[in-house]
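Single-structure report; data block below.
Each reported figure results from applying straightforward, stated rules to the coordinates on display, with no laboratory input. Bear in mind that the values here come from a model prediction, so they are computed numbers and not experimental data. When we count neighbours, we look across all protein chains shown, and the Cβ atoms used for this are built from the backbone with ideal geometry, even at glycine.
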Amino acid sequence: MNDDITYEERKEFPDSVFGLPERREYPMPDAAHVRAAEAYFRYCPEDLKTKLAKAILARAREYGVDIQSPTILGWAEK
């Protein structure tokens, strides 16, 4: 399975698919990309971590992904 998103595919995504829509970063169009966003969370700028954590959890619920990361869960509570 190839989880890579091409530039052309990414351009077509609505802002709502992104964890950080204003920057169009952390695309989560499916469960595999929710898990990828979870894995790359540590690279998110500190001032945007709360917003991204909440977005990851929202998309995870939508796709039935169980987020166990204490880091993401902790940031989502802020």
Could you list all residues from the range 41-52 that are within 15 Å of Arg24 (Cα to Cα) and without any contact (Cβ under 8 Å) to a residue 24 or more places away in the chain? Tyr43, Pro45
Quick one: which helices (runs of 4 or more DSSP H) sit completely within the chain and have at least 2 residues that are aliphatic (A, V, I, L, M), crowded, with 18+ Cβ neighbours inside 10 Å and in contact with a helix residue (DSSP H, G or I) (Cβ under 9 Å, 6 or more places away or on another chain)? 31-40, 49-63, 70-76
Every residue in the range 21-53 that is among the aliphatic types (A, V, I, L, M) and closer than 13 Å to Trp75 by Cβ, please. Ala37, Leu48, Leu52, Ala53
